[in-house]
Every structure is written in structure tokens, then in C-alpha cells.
Amino acid sequence: MYICRLKNICTMDTVVSGIRPTGLLHLGNYFGALRNFIKMQDENDCYFFIADYHSLTTHPTPTDLQTNVRNVLIDYIAAGLNPEKATIYVQSDVPEVCELSLLLSMNVYVGELQRVASFKEKVRRQPQNVNAGLLNYPVLMAADILLHRADKVPVGKDQEQHLEMTRDFAQRFNHIYKHEYFKLPVAYNFGNELVKIPGLDGSTKMSKSDNENSCIYLADTPEVVRKKVMKAVSDSGPTEPGQPKSQAVENLFQLMKAVSAPDALQFFEDQYQNCSIRYGDMKKQLASDMIAFIQPIHERIMELRSQNDYISKVAKIGAEKARASADKTIREVREIIGFKTL
Ligand code: ADP
Ligand code: TRP
């Protein structure tokens with residue numbers, strides 16, 4: 001039995017992913033990332049963390065970093081992550097990642113970092129704070145992933161370019177130091193297209209960094225979910241059969257696809273196509289399907305919020321396991337590069 005288990009671990013893929021503690025987790029985080037974390041934890045060697053270093057790139061003086069980290073950890077567990085199956089930890093509890101980030105950065109060029117889409121977008125959004133951490137974001141992210149020598153990284157569509165860069169950096173390291181050390185990890189969604197869940201305000205991506213009302217949080221109460229959905233942006237309705245959908249209406253259909261039964265989706269699709277759709281009815285259906293989906297998670301979140309000792313214990317055990325894996329990689333990387341203890 002024991003030998004069997006060991007053998008199994010050897011053939012398992014390693015999975016790494018993280019979410020920044022910049023707010024409560026929403027349906028975009030769930031369908032883009034967390035849902036796959038949960039699906040993957042049984043059959044892979046998984047490391048899921050809370051990217052608190054990364055959050056400083058946009059939230060340099062977070063008012064309540066501890067509370068936000070704790071809330072993301074609670075959301076992880078409430079949604080179904082099991083600390084006995086996956087290693088769940090806080091990024092800053094494993095400072096080895098900083099050393100790997102530094103070592104990788106020696107073979108990364110400023111020009112390639114300046115061309116990254118997420119960097120350019122942040123420069124536009126926060127011109128008053130174009131910090132070096134923002135520029136270095138993809139290097140720290142590559143270090144998170146390579147620290148455990150991952151094979152697969154479950155993330156949403158917006159992270160695709162960061163994963164391409166991680167592979168470039170890994171390949172470059174292997175080439176420069178003449179050692180096939182790092183695997184080349186891929187953004188993973190079980191062979192399907194990566195997911196992008198839209199917002200309720202007509203924006204193409206639900207995001208916790210944006211408008212609160214465009215996001216449905218896993219911790220939202222049924223009343224709040226209903227209110228937000230009923231206020232979602234739509235349009236004045238189709239006037240001729242087969243008319244293309246506006247972005248806001250397309251978003252409502254996308255959200256329905258994520259949480260509702262296929263026949264409900266088809267029903268409103270048909271109504272849209274023959275111009276008889278009433279968005280109020282569609283929103284009512286969407287709200288009740290979202291509530292049915294979120295309510296069990298919401299209830300577990302409320303229970304876990306009072307279990308401080310348990311949450312601290314999960315973080316402590318996770319940090320120990322993640323540090324053991326990180327320490328091994330750092331030792332090997334140092335040796336490959338040529339650092340010697342005198
Ligand atoms: P946010 O954009 O809300 O600040 P993060 O950047 O911390 O969230 O994202 C954490 C994870 O959730 C990443 O894997 C990201 O791809 C995924 N994610 C975030 N928003 C969405 C979305 N709207 N649709 C799909 N995946 C998303
Ligand atoms: N950049 C990711 C995001 O904004 C968060 C993240 C940091 C991450 N390090 C990572 C995701 C490593 C996957 C793997 O969503």
C-alpha cells in the first residue's frame with residue numbers, strides 16, 4: 001500500500017497556481033481558476049497559494065493585508081480545496097521564491113518585460129505608480145511556478161501571456177546552464193479554451209480590481225446577488241431576428257452558460273433570436289441559478305470565518321510543505337548555476 005502510494009506520487013503531475021489577495025473571490029476567479037484547482041487536487045501534486053507579494057504591485061499600502069489573505073484562504077477551502085490533498089500556502093511564507101525570482105531575472109530583458117500586455121495596461125491605469133515590481137511581475141510569477149517545477153498551471157485566459165513567458169524563462173535557464181532542469185509548464189483547463197467570465201457592467205472581464213457591482217463574490221448573500229444581477233447592464237432588446245448581441249447582453253448569456261442548465265440557456269437564446277426576450281425574466285432566472293450555485297459556498301465561508309485557529313493551522317502546515325519543496329529547488333538551482341559554499 002505504502003509503496004503503491006509512493007509510486008503514484010512519482011508519476012503525478014505537479015500543479016501550481018495562485019490568486020492575489022486584492023479582495024474577495026468572485027465568479028471569474030472560480031470558473032477561471034478555483035474550479036480547476038478543486039478538480040485537480042485528487043490526482044496531482046498540487047500547490048495553491050495566495051499571491052500576497054504580487055498584490056503589492058497594485059496595492060502598495062494595503063490597509064488590511066492579513067484580513068484579505070485570510071479571506072482568500074477561507075474562500076479556497078469553502079469552495080472545496082482540501083488541505084489534506086493540496087498544499088495551500090501564503091506566498092510570503094515561502095521567501096525562497098524571492099531568490100528564484102532574482103536568479104531568473106538575470107536572464108530576463110527589460111525590453112521584453114516592457115512589452116507585456118498586463119504591464120502596459122497597469123501603466124495606463126496607475127501612471128502615478130509604475131513600480132519595478134510591476135515590471136518584474138512575470139518574473140516573480142515564473143518563480144512561483146518553477147519553484148515547485150510545475151507541469152500544469154490552472155488559470156484564466158488573462159494569464160496566458162504570463163505562462164508563455166514562464167516557459168521562455170524556464171527554457172532559457174535550461175539552455176544557459178546546459179541542464180534540462182525545469183519542465184515547461186502550460187496554462188491548463190482540461191484541454192478546453194481558457195475561461196474569461198465577463199462582468200455585470202458590460203465589461204468583458206469580471207475583476208475584483210474594478211467596480212464592485214460588476215462582480216458576484218462567492219461570499220455574497222442571496223439578496224446581494226439578486227440585487228446585483230437585476231441591476232446588470234443590458235440594452236433595449238433586439239428589433240429584428242438574428243440581430244448580433246451587444247456586449248452587455250452577450251455577457252448575460254455567458255454568465256448564464258456558466259451557472260444555468262443548458263435548456264434554460266437555450267430557452268432565452270431562442271427568445272432573443274425571435275425578439276420576444278424580456279431581460280427582466282432572464283435576469284431573474286440568472287439570479288436564482290447563481291444563488292443556488294453560491295449558497296453552499298457562502299454558508300461554508302460564514303462558518304470558516306469564526307474558525308481562526310483552523311485557518312492558521314492550514315496556513316502553517318501549507319507553508320512547511322511548500323518550503324520543503326522550495327528549498328530543494330533552490331539548492332539544485334544554486335548548484336546548477338555554480339554557487340559553491342566555501
Ligand atoms: P482579479 O483580476 O479579479 O484581480 P486575479 O488577477 O487575482 O483576479 O486572478 C486570479 C485567477 O483568477 C487567475 O487565474 C485569473 O486568470 C482568474 N480570473 C480572474 N478574473 C477572471 C475572469 N473574469 N474570468 C476568468 N478567470 C478569471
Ligand atoms: N498573476 C496571477 C493573477 O493575477 C496571480 C499569480 C501570481 C499566479 N503567481 C502565480 C497564477 C503563479 C498562477 C501561477 O491572476
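The values are calculated or read from the model by the stated rules, or taken from the named source; none is laboratory data. Everything numeric in this text was worked out from a predicted model, so none of it was measured. For neighbour counting, all protein chains shown are included, and Cβ atoms are generated from backbone atoms with ideal geometry for every residue, glycine included.
General remarks:
For (1) outside any helix (DSSP H, G or I); (2) of a type in the set (A, V, I, L, M, F, W, C); (3) in contact with a helix residue (DSSP H, G or I) (Cβ under 6 Å, 6 or more places away or on another chain), each residue gets a yes or a no:
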| position | (1), (2), (3) |
| --- | --- |
| 208 | yes, no, no |
| 226 | no, no, yes |
| 229 | no, yes, yes |
| 244 | yes, no, no |
| 269 | no, no, no |
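- If you check 151, 168 for being more than 27 Å from residue 23 (Cβ to Cβ), away from ligand 1 (no atom under 16 Å from the Cβ), in contact (Cβ under 8 Å) with a residue 60 or more places away in the chain and buried (at least 16 other Cβ atoms within 10 Å of the Cβ), only one passes: 151.
- For segment 25-58, a residue qualifies if it is among the aliphatic types (A, V, I, L, M) and outside any loop (DSSP other than H, G, I, E, B), and the qualifying residues are 27, 33, 34, 38, 40, 50.
- Among the residues making up segment 285-320, a single one is surrounded by 17 or more Cβ atoms within 10 Å (Cβ to Cβ), closer than 17 Å to residue 85 by Cα and not hydrophobic (A, V, I, L, M, F, W, C): 318.
- Of 101, 55, all but one fail to be buried (at least 19 other Cβ atoms within 10 Å of the Cβ), more than 16 Å from ligand 1 (Cβ to nearest atom) and small (Gly, Ala, Ser); the exception is 101.
- Of the candidates 203, 209, the single residue that is modelled with pLDDT under 95, over 18 Å from residue 233 (Cα atoms), within 11 Å of ligand 1 (Cβ to nearest atom) and not charged (D, E, K, R) is 209.
- First in segment 243-269 and at negative phi, second anywhere and of a type in the set (D, E, K, R) and assigned to a helix (DSSP H, G or I), Cβ under 6 Å, 6 or more apart: 259/289; 260/289; 265/257
- Residue within segment 12-26 that is in contact with a His (Cβ under 7 Å, 6 or more places away or on another chain) and either more than 14 Å from ligand 1 (Cβ to nearest atom) or farther than 27 Å from residue 206 by Cβ (or both) present: yes
- Within segment 14-24, the set of residues being part of a loop (DSSP other than H, G, I, E, B), near ligand 2 (Cβ under 9 Å from one of its atoms) and either modelled with pLDDT under 95 or under 17 Å from residue 190 (Cβ atoms) (or both) comprises 22 only.
- Remark: residue 38 matches the filter, which requires a residue to be more than 15 Å from ligand 2 (Cβ to nearest atom) and β-branched (Val, Ile, Thr).
- Within segment 162-209, considering residues that are aromatic (Phe, Trp, Tyr) and over 13 Å from the mean Cα position of the chain (by Cα), the one nearest to ligand 2 (Cβ to nearest atom): 169
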